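The next block holds one structure in the form of structure tokens; read it before the comments.
The values are calculated or read from the model by the stated rules, or taken from the named source; none is laboratory data. If you're wondering where the values come from, they're calculated on a predicted model, not measured in any experiment. Here the Cβ is made from the backbone with ideal geometry for all residues, glycine too, and neighbour counts use every protein chain on show. To get the accessible areas, we keep the full protein, side chains included, count just its heavy atoms, and leave off ligands, DNA and RNA. Shrake-Rupley method; radii C 1.70, N 1.55, O 1.52, S 1.80 Å.
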Amino acid sequence: MKTFEELQEAVLEWADDRDLLEANPNRQFLKVVEELGELASAMAKNERENEIDAMGDLFVTLIILSRQINLNPVKCLEVAYNMIADRKGKTVDGVFIKDE
């Protein structure tokens, strides 16, 4: 199995071959939202294979968008994780509610 970084590089090469890295990031953001909608639909219908496909497509679109706006997705994830790592709270009906 490839690492996230290896897959990220493969996605970026694929996107570069199709001139997506220089494209309008606002258009790419619309693709992110489209894929998010497909994931929501698959989850609502409990369609596991479509969930997997949509989640993968969501990662692809986010990786491309990240490059377009000069962000490193791994660094972004690290920053987000560091913010939540010590967060306290509780889960209510499947939603984490952080303590104030």
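Observations on the structure shown:
- Filtered by the rule that a residue be touching a helix residue (DSSP H, G or I) at 6+ places or on another chain (Cβ under 7 Å) and open to solvent by 70 Å² or more (accessible area, probe 1.4 Å), region 6-21 gives no residues.
- Across region 44-71, the qualifying residues are those that are closer than 13 Å to Q8 by Cα and among the hydrophobic types (A, V, I, L, M, F, W, C), and the one among them that is most open to solvent (accessible area, probe 1.4 Å) is F59.
- When we screen I97, I52, I69, I63 for residues that are of a type in the set (V, I, T) and more than 18 Å from the chain's Cα centre (by Cα), the only hit is I97.
- Flag for A40 being among the small types (G, A, S) and in contact (Cβ under 8 Å) with a residue 24 or more places away in the chain: no
- Restricting region 72-94 to residues that are within 16 Å of the chain's Cα centre (by Cα) and β-branched (V, I, T), the residue that is nearest to W14 (Cα to Cα): V74
- Residue match in region 22-43 (condition: more than 16 Å from the chain's Cα centre (by Cα), open to solvent by less than 90 Å² (accessible area, probe 1.4 Å) and among the hydroxyl-bearing types (S, T, Y)): yes
- All conditions but one from (1) more than 19 Å from C76 (Cβ to Cβ); (2) in a helix (DSSP H, G or I); (3) not polar (S, T, N, Q) apply to L7; the one that does not is (1).
- Residue pairs meeting the criteria (Cβ under 8 Å; at least 6 apart or on separate chains; first over 24 Å from P25 (Cβ atoms), in region 63-88; second in a loop (DSSP other than H, G, I, E, B)): R87/D99; K88/D99
- Any hit, region 78-89, residues being open to solvent by 70 Å² or more (accessible area, probe 1.4 Å) and under 25 Å from D17 (Cα atoms): no
- K75 touching a strand residue (DSSP E or B) at 6+ places or on another chain (Cβ under 9 Å) and open to solvent by 100 Å² or more (accessible area, probe 1.4 Å): no
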